[in-house]
1. Can you name the residue in segment 241-258 that is outside any helix (DSSP H, G or I) and charged (D, E, K, R) and is also least open to solvent (accessible area, probe 1.4 Å) among such residues?
2. In segment 272-314, what residues are surrounded by fewer than 16 Cβ atoms within 10 Å (Cβ to Cβ), over 40 Å from the mean Cα position of the chain (by Cα) and among the hydroxyl-bearing types (Ser, Thr, Tyr)?
3. Can you pull out the residues in segment 30-53 that are more than 16 Å from Phe175 (Cα to Cα) and surrounded by 16 or more Cβ atoms within 10 Å (Cβ to Cβ)?
4. For segment 94-111, name all the residues that are out of contact with any helix residue (DSSP H, G or I) (no Cβ under 8 Å at 6 or more places or on another chain) and open to solvent by 20 Å² or more (accessible area, probe 1.4 Å).
5. For segment 99-110, check the following and say yes or no: at least one residue is touching a Lys or Arg at 6+ places or on another chain (Cβ under 7 Å), part of a helix (DSSP H, G or I) and modelled with pLDDT of 90 or more.
6. Please verify whether segment 82-93 includes one or more residues that are in a helix (DSSP H, G or I), surrounded by fewer than 23 Cβ atoms within 10 Å (Cβ to Cβ) and touching a strand residue (DSSP E or B) at 6+ places or on another chain (Cβ under 8 Å).
7. Could you give me the residue pairs with C-beta distances under 9 Å whose first residue belongs to segment 155-176 and is closer than 15 Å to Arg71 by Cα, whose second residue is open to solvent by 60 Å² or more (accessible area, probe 1.4 Å) and of a type in the set (Asp, Glu) wherever it lies, and which are 6+ apart or on separate chains?
8. For segment 10-47, give me each residue that is in contact (Cβ under 8 Å) with a residue 24 or more places away in the chain and closer than 30 Å to Tyr300 by Cα.
Amino acid sequence: MPSLKEIKTRIASVKSTRKITSAMKMVASSKLHHAQVAIQNMLPYENLLEHILKSFLVSMPEPESAFQASREVKKAALIVFSSNNSLCGGFNASVIKMMTQAVQEYQSKGIEVSVYPVGLKVAEAVKKLGLQSIGDYRELADKPNARQCEEIASDAARKFLKGEFDKVEIIYHHFKSAGSQILTRKVFLPIDLSTEALGADNDRDLSSNQTSAKVQEYLKKKGEADARQGKDIGIQLNDDFIIEPDMKTVLQALIPKQLHLMVYTALLDSLASENAARMVAMQTATDNADDILHTLNLQYNKSRQQAITNELLDMEGGSVQNN
């Protein structure tokens, strides 16, 4: 049985650790709020651009664009988003696992794979797997930058048009709510925007950072009720277009913007998901520390009481012998 001094030392150690995890949880909560604000500020532009482009493509009979050309896949690229730091549960592990599965899937078919690693953890995994890494985008995982996202989208689009890549995919966590981050793998190029559902990715809950099961159940029921009432059913494709100067020129301007937006949205989603995952992990660690402290305090009090009882018995025994 450990001594009172050992128990006191461990209690002090757990209290110190609890202060760290509690502080990290507060920091992650603050960063999550900022990430939610960033997504919320970007959504109006995303919705309108998506509406214009997809409505335009649907209304035109088979618009021709090099970005929509499907071909036999001989070379592929992955744009993968992770974090620079740990202590966020299985956030990074799940991304790396999906990337590894995608790479194995391509390599089993004899397809060469390259990776755009956004984040230190995925960059280390790419190096470990011996894959070709394109660029260094570790700073993006901490500081979202629309210009760098545009560089990634432009580079991937340019290489796709030149035939260096036949297919490009994005792997990231889609932020649905503080308690739900969905690991997503979707095709970036070639694109077929006319078959995409408008607003399909606009299901984020940006109003709360609560992760309890009760809150999540409420949000789920609220979403189902809104769907039954016909809310958020998407934008109707009833626009008439006057194209100037011509269809090809308009597509050449709109599609690269949409590609850039897809990368930037994935980055913001990944950043919000990372902070939500870290907040949950630190909250769990803090709760575990509270449980350990309760057990140690109970053990300390029992040991102390036992020591006092033994001393009283010794004193009583000495008194009896003296008499």
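The values are calculated or read from the model by the stated rules, or taken from the named source; none is laboratory data. All figures in this text were calculated on a predicted structure; none of them were measured in a lab. A quick note on method: Cβ atoms are made from the backbone with ideal geometry, for glycine too, and the neighbour counts reach across all protein chains shown. What goes into the accessible areas is simple: the full protein's heavy atoms, side chains included, and nothing from ligands, DNA or RNA. Shrake-Rupley method; radii C 1.70, N 1.55, O 1.52, S 1.80 Å.
1. Asp246
2. Correct list: Thr309 only.
3. Answer for segment 30-53, where residues must be more than 16 Å from Phe175 (Cα to Cα) and surrounded by 16 or more Cβ atoms within 10 Å (Cβ to Cβ): Glu50, His51, Ile52, Leu53.
4. Once the filter is applied, which keeps residues that are out of contact with any helix residue (DSSP H, G or I) (no Cβ under 8 Å at 6 or more places or on another chain) and open to solvent by 20 Å² or more (accessible area, probe 1.4 Å), segment 94-111 yields Ser94, Lys97, Met98, Gln101, Gln104, Glu105, Gln107, Ser108, Lys109, Gly110.
5. Yes, some residue in segment 99-110 is touching a Lys or Arg at 6+ places or on another chain (Cβ under 7 Å), part of a helix (DSSP H, G or I) and modelled with pLDDT of 90 or more.
6. no
7. Note: pairs meeting the criteria are Asp166/Glu72.
8. Arg10, Ile11, Val14, Lys15, Thr17, Arg18, Thr21, Ser22, Met24, Lys25
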